[in-house]
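To keep things clear, I will list the structure first and then write my remarks on it.
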Amino acid sequence: MNILVVNAGSSSIKYQLIDMKTEEPLSSGIVERIGLGEGNIKHKYVVNGEEKKVSETFPIPNHTVGLKRVAELLIDAEFGVIADPSEIQAVGHRLVHGGEAFTKTVVVTDEVKAKVKELFPLAPLHNPANLIGVEVAETVFPNATQVGVFDTAFHQTMPEVAFRYGIPKEMYTDMGIRKYGFHGTSHKYVSEKAIEYLGKADAKVVTIHLGNGASMAAVDGGVCKDTTMGLGPLCGLIMGTRSGDIDPAIIFYLIEQKGYSVEQVSKILNKESGIQGLSGYTDMRDVEEQYLKGNVDAILAYEMYAYRIKQYIGNYAAAMNGLDAIVFTAGIGENDSIARKLVCENLDFFGIKIDAEKNNTRSKEIREINTPDATTKVLVIPTNEELEIAKQSFELIK
């Protein structure tokens with residue numbers, strides 16, 4: 001069975017065609033700058049085990065044009081990997097916000113689409129674009145089953161004591177204001193890999209997803225007990241451009257005393273804060289370069305970044321009453337040895353000790369970077385959200 005995984009953004013479409021026999025991608029790529037004049041498609045495909053690439057630039061006025069071109073590339077005599085679009089049995093869609101309505105992966109029906117629309121206010125930048133991806137895929141791949149995989153679904157096992165906020169009850173019951181969490185597909189994938197690696201079904205694991213967006217989860221025996229993101233993706237860890245947790249009084253102060261508009265404050269906290277606000281750089285590789293040069297702003301940014309993660313490790317170890325492993329994943333988590341080092345320093349109380357040589361070694365495989373005498377495993381597990389979406393889609397329709 002071939003499953004196409006689609007992640008549609010407001011002006012982009014990421015895609016990956018996966019052969020479920022081997023769980024390996026046959027093709028992958030991204031459509032960029034949709035509706036912004038000249039668009040671009042970067043398409044990768046595998047021929048006889050060798051990955052090849054092709055890039056195209058042309059006007060892509062909407063998602064339909066972009067996804068139709070993807071379908072053409074997939075069956076192209078030179079660049080294609082299948083003979084006909086009908087060879088794609090399912091299209092698995094990343095859907096960001098499922099609210100309390102969706103606790104698991106679903107076949108997308110008219111009723112599901114209507115509910116996703118109702119949830120637009122909870123994810124105004126993501127859910128509308130995700131739904132466009134579904135509706136376009138329905139026309140481009142009419143014979144395929146459309147499947148929705150929600151970022152929030154994995155976190156729906158959180159107990160009420162973890163997901164409720166200390167605000168009037170009616171704001172939860174009438175408005176749905178509560179913690180939902182995100183990156184659930186990644187947290188599910190790596191926590192399952194960790195449990196399998198440890199050989200312990202009831203393992204208590206803290207998963208640490210560090211990309212431009214970042215979040216953590218407390219996973220007890222494969223069940224999510226808590227996570228750092230909330231109603232939206234702004235809270236929790238310090239991120240690339242997001243502030244993470246701050247005193248709400250700061251927002252009132254900026255608006256009431258300093259004359260900022262709500263829009264200005266939102267832009268500052270979402271797009272001008274975090275690592276960028278602290279160091280002047282968005283890309284962690286640039287921050288690393290400045291850190292090694294002794295740039296005091298970069299050093300502070302790294303230390304604050306790690307300090308917040310440490311706080312949540314302690315928080316979640318307490319919430320689960322134990323800790324068997326912590327897991328680093330995603331772009332920064334998998335590749336930034338400085339971040340991992342700073343996070344794990346002075347956590348001996350939790351049995352966390354890392355081996356410097358292991359920490360500085362790169363690999364695409366699961367690896368542990370703790371010392372032999374550490375009582376808590378420190379694992380680096382490459383995430384694969386596309387494969388997880390494909391697997392969940394496959395399990396639903398097989």
request  = May I ask you to list the residues in region 316-333 that are touching a residue at least 60 places away in the same chain (Cβ under 8 Å) and part of a helix (DSSP H, G or I)?
outcome  = TYR316, ALA317, ALA319, MET320, ALA330, GLY331, ILE332, GLY333
message = Restricting to region 165-181, give me the number of residues that are of a type outside the set (Gly, Ala, Ser) and under 12 Å from CYS224 (Cα atoms).
response = 1
request  = Tell me which residues, restricted to region 8-27, are closer than 14 Å to ILE82 by Cα and either surrounded by 19 or more Cβ atoms within 10 Å (Cβ to Cβ) or of a type in the set (Phe, Trp, Tyr) (or both).
outcome  = GLN16, LEU17, ILE18, PRO25, LEU26, SER27
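Taking region 199-229, which residues are under 14 Å from the mean Cα position of the chain (by Cα) and surrounded by fewer than 22 Cβ atoms within 10 Å (Cβ to Cβ)? I'd like the intermediate steps shown before the answer.
First, the residues of region 199-229 that are under 14 Å from the mean Cα position of the chain (by Cα): 207-217, 227-229.
Scanning region 199-229 gives GLY211, ASN212, GLY213.
Based on what the data block shows, is GLU263 under 15 Å from MET239 (Cα atoms), over 19 Å from the mean Cα position of the chain (by Cα), surrounded by fewer than 19 Cβ atoms within 10 Å (Cβ to Cβ) and not basic (Lys, Arg)? Working first, answer last.
On the way: under 15 Å from MET239 (Cα atoms): no; over 19 Å from the mean Cα position of the chain (by Cα): yes; surrounded by fewer than 19 Cβ atoms within 10 Å (Cβ to Cβ): yes; not basic (Lys, Arg): yes.
Spelling it out, it is not the case that GLU263 is under 15 Å from MET239 (Cα atoms), over 19 Å from the mean Cα position of the chain (by Cα), surrounded by fewer than 19 Cβ atoms within 10 Å (Cβ to Cβ) and not basic (Lys, Arg).
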remark   = Going through (1) surrounded by fewer than 15 Cβ atoms within 10 Å (Cβ to Cβ); (2) closer than 28 Å to VAL190 by Cβ one by one, ALA249 fails only at (2)
key: Residue satisfying condition, being touching a residue at least 12 places away in the same chain (Cβ under 8 Å), in contact with a helix residue (DSSP H, G or I) (Cβ under 7 Å, 6 or more places away or on another chain), surrounded by fewer than 19 Cβ atoms within 10 Å (Cβ to Cβ) and under 16 Å from THR376 (Cβ atoms), within set LYS310, LYS353   = LYS310
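Suppose the filter is in contact with a strand residue (DSSP E or B) (Cβ under 7 Å, 6 or more places away or on another chain), over 19 Å from LYS204 (Cβ atoms), acidic (Asp, Glu) and modelled with pLDDT of 95 or more; does GLU334 pass it? Quick ask: steps written out before the conclusion?
Working: in contact with a strand residue (DSSP E or B) (Cβ under 7 Å, 6 or more places away or on another chain): yes; over 19 Å from LYS204 (Cβ atoms): yes; acidic (Asp, Glu): yes; modelled with pLDDT of 95 or more: yes.
Yes.
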message = What are the pairs with Cβ atoms under 6 angstrom where one residue, in region 198-215, is among the charged types (D, E, K, R) and the other, located anywhere, is in a loop (DSSP other than H, G, I, E, B)? Sequence gap at least six, or different chains.
response = ASP202/GLY221; LYS204/GLY322; LYS204/LEU323; LYS204/ASP324
key: Selection count where residues are of a type outside the set (A, V, I, L, M), surrounded by fewer than 24 Cβ atoms within 10 Å (Cβ to Cβ) and touching a strand residue (DSSP E or B) at 6+ places or on another chain (Cβ under 9 Å), scope region 237-246   = 2
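Check region 157-179 and report whether any residue there is in contact (Cβ under 8 Å) with a residue 12 or more places away in the chain and buried (at least 23 other Cβ atoms within 10 Å of the Cβ). Spell out how you get there, then give the answer.
Applying the first criterion (in contact (Cβ under 8 Å) with a residue 12 or more places away in the chain) to region 157-179 yields 157-159, 162-165, 176-179.
Next cut, buried (at least 23 other Cβ atoms within 10 Å of the Cβ) only: none.
Checked against the condition, which is being in contact (Cβ under 8 Å) with a residue 12 or more places away in the chain and buried (at least 23 other Cβ atoms within 10 Å of the Cβ), region 157-179 yields no hits at all.
For THR361, indicate whether it is part of a loop (DSSP other than H, G, I, E, B) and either under 28 Å from ASP151 (Cβ atoms) or not polar (S, T, N, Q) (or both).
Working: part of a loop (DSSP other than H, G, I, E, B): yes; either under 28 Å from ASP151 (Cβ atoms) or not polar (S, T, N, Q) (or both): no.
When the stated conditions are applied, THR361 does not pass them.
The values are calculated or read from the model by the stated rules, or taken from the named source; none is laboratory data. Everything numeric here is computed off the predicted structure, so don't read it as measured data. In this analysis, Cβ positions are derived from the backbone assuming ideal geometry, glycine residues included, and neighbour counts consider all displayed protein chains.
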